[in-house]
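Here is the structure we will look at, set down as structure tokens.
Only the coordinates and a few stated rules stand behind these numbers; no lab work does. Just so you know, these numbers come straight off a predicted model, no measurement behind them. Positions of Cβ are backbone-derived with ideal geometry, glycine not excepted, and every protein chain shown enters the neighbour counts.
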Amino acid sequence: MINQEDTISAIVTPSGIGGISVIRLSGKEAISIASKVFHKKSGKSLTDVESHTIHYGYITDPVSGKKLDEVLVSVMKAPRSFTCEDVIEVSCHGGPLITTTILETFLRAGARLAEPGEFTKRAFLNGRIDLAQAEAVIEIIRAKTEEGLRCALWQLEGKLSNDINKIQEDISTALSHIEAYIDFPEEDAGVVMTDIEERVKSALEGVDRLLEGYFRWRPLREGILTAIIGRTNVGKSSLLNVLTGEERAIVTPHPGTTRDIIESMINISGLSLRLLDTAGLRMTEDLAEEEGIKRMYRAAEMAELVLIVLDGSEALKTEDIDILTHTKNKKRVIVINKIDLDNQKEKELDAGYSPIVYTSVVKGEGIEELKNVIRQTILGKVTGLDEGAVVNNIRHKTALENAGKELESFIESVRQELPLEIQALHLRSSMNFLGEITGVVTTEDILDRIFNEFCIGK
Ligand SMILES: Nc1nc2c(ncn2[C@@H]2O[C@H](COP(=O)(O)OP(=O)(O)OP(=O)(O)O)[C@@H](O)[C@H]2O)c(=O)[nH]1
Ligand SMILES: [Mg+2]
């Protein structure tokens with residue numbers, strides 16, 4: 001187990017060249033360590049300054065006395081800081097050499113290099129945030145979509161923790177009734193039993209609501225995997241480029257241009273798609289292309305939505321029919337492209353319920369309509385994310401599922417009139433599972449697994 005008493009330090013900005021970089025110190029000795037190497041322009045020592053102030057001066061090498069950089073130093077005294085400890089943040093010039101030199105100076109002056117996630121872990125261990133909020137920090141860093149970021153911010157604000165606490169209150173009241181009844185069996189249990197059942201039902205509803213949110217919003221948070229598939233040369237790569245607004249994929253008049261899958265993120269009025277351009281289908285002897293085609297079907301299988309592109313100027317070919325049959329059960333949009341060409345061919349399409357959109361990618365026609373149809377196909381009636389608690393991590397989802405199972409077992413144990421001690425056991429264990437989410441119940445092992453996912457400096 002790592003020592004929580006040490007003063008820790010790390011570079012908190014990404015490595016590389018930038019305007020500025022920030023090096024953080026946190027712990028009891030933060031201010032005294034910084035004052036050994038930082039010389040304020042005014043000559044005053046850092047140990048005498050107020051909390052939440054910024055100071056201008058130089059970092060110097062304590063041995064040689066050589067100036068290392070001109071910096072700004074922020075002082076945040078415990079407990080009003082991210083970690084609840086004394087925190088120093090040095091903003092220096094943003095270069096890899098200067099930042100590591102300053103970090104090494106701090107380490108020589110008595111600090112220890114922070115482990116990944118250790119600043120956030122301290123914020124948790126010192127009670128400033130709970131575990132769900134600590135995990136929100138990493139979700140914010142990793143968010144790839146607007147929705148993902150919004151969910152993570154709500155989690156950091158404590159919305160998920162509040163919901164969990166409310167559910168726990170219900171269970172804990174039910175549990176205390178049962179325990180009272182175990183202790184004083186002569187009391188009239190009738191009224192109490194109704195209250196217990198209502199509270200457990202309401203807790204179970206709370207758990208189910210959070211779980212439902214996990215499944216409903218997952219694609220929105222992570223970006224909806226969307227595969228563009230079709231015969232060669234129909235304009236798949238051109239479509240990817242026009243949707244992303246950049247020349248991401250190579251387009252040529254020759255069939256078989258795209259050999260491997262190209263992925264791009266796009267945003268259609270707030271909806272994020274992970275768009276895949278695939279190799280076009282064509283019956284072939286070429287092995288490389290065959291592999292590409294296998295990948296096309298695999299991508300189509302994995303995708304939540306497929307965009308099937310057909311060439312409006314050509315009659316349906318076996319490849320088109322193959323693709324249409326393969327994707328019968330998928331959520332799909334059929335795009336008939338190249339409508340700018342004169343020789344449009346009628347098609348006997350078995351599109352089922354799939355919407356058909358006519359486009360000319362080169363002329364930019366039908367693209368807005370296609371975006372609207374994609375949006376409707378994915379969202380159906382759903383309009384957007386309501387503000388609230390959203391479960392967006394597997395650890396939380398598993399804990400909720402386990403808590404839900406225990407609540408159901410409780411209801412079943414009441415129905416079977418099992419001993420009260422057994423009923424109480426189910427409630428207690430559902431409380432424990434919920435406690436894992438906020439970190440009330442936790443082990444060093446869980447903590448290590450969570451915080452190891454962080455980067456150094458966070
Ligand atoms: N006239 C016309 N030509 C188009 C349209 N869209 C694409 N093209 C042309 O069709 C050719 C093939 O386009 P790509 O985007 O490379 O087609 P693809 O489906 O990715 O082809 P593969 O990667 O070989 O499977 C290029 O010459 C495009 O300029 C369109 O709407 N109208
Ligand atoms: Mg292509």
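With the cut-off at 1.5 for a/c, could you classify the chain from its C-alpha gyration tensor as rounded, prolate or oblate? Note, shape of the chain comes out oblate. Counting every other Cβ atom within 10 Å of each residue's Cβ, 455, 151, 84 order from fewest to most as 455, 84, 151. For residue 391, the residues 5 or more places off, or on other chains, whose built amide H falls under 5 Å of its own are 214. For the residue pairs 144/338; 159/331; 236/331; 236/317, alpha carbon separations beyond 26 Å are given by 144/338; 159/331. 3J(HN,Hα) along segment 360-365: 10, 5, 5, 8, x, 8 Hz, from the Karplus curve 6.51 cos²θ - 1.76 cosθ + 1.60 with θ = phi - 60°, whole Hz, x for Gly and Pro. Ordering 47, 103, 12 by the projection of their Cα atoms onto the charge dipole of segment 8-129, which places +1 on the Cβ of Lys and Arg and -1 on the Cβ of Asp and Glu, puts 47 at the extreme positive end.
Put simply, the amide H of residue 310, placed in the peptide plane, has neighbours under 5 Å in 335, 336, 337, leaving out anything fewer than 5 places away on its chain. Shape class of segment 223-379 from the Cα gyration tensor (axes a ≥ b ≥ c, square roots of the eigenvalues): rounded, since a/c falls below 1.5. Taking 20 Å as the straight-line reach from the Cα of residue 44, the aspartates and glutamates in range (excluding those fewer than 8 positions away in the same chain) are 29, 61, 69, 70, 86, 89. Where both partners of a DSSP beta bridge lie in the chain, what percent of those bridges are antiparallel, to the nearest 5? Approximately 60 percent, going by the DSSP bridge assignments. Each part reduced to its alpha carbon centroid, segment 210-256 and segment 401-453 end up 41 Å apart. Relative contact order of segment 223-379, taken over Cα pairs closer than 8 Å and 6 or more residues apart, is 24 percent. Between the amide H of residue 279 and those of 296, distances stay under 5 Å, these residues lying 5 or more places away or on another chain, with hydrogens modeled in the peptide plane. Each label point was placed 7 Å from the Cα along the Cα-to-Cβ direction; for residue 417 and residue 72 their separation is 7.4 nm. Give 28/67; 371/397; 40/67; 166/397; 28/66; 294/328 a once-over and call out the pairs whose C-alpha atoms are over 21 Å from each other. Pairs exceeding the cut-off: 28/67; 371/397; 28/66. Under the membrane-span-like helix rule (DSSP H runs whose alpha carbons stretch at least 20 Å along the helix axis, mean Kyte-Doolittle hydropathy -1.0 or higher), the chain yields 159-183, 190-222, 287-302, 394-415, 420-438. Ranked for footprinting exposure by Cβ neighbours inside 10 Å, fewest first, 314, 348 give 348, 314. The antiparallel fraction among DSSP beta bridges confined to segment 176-333 stands at about 35%.
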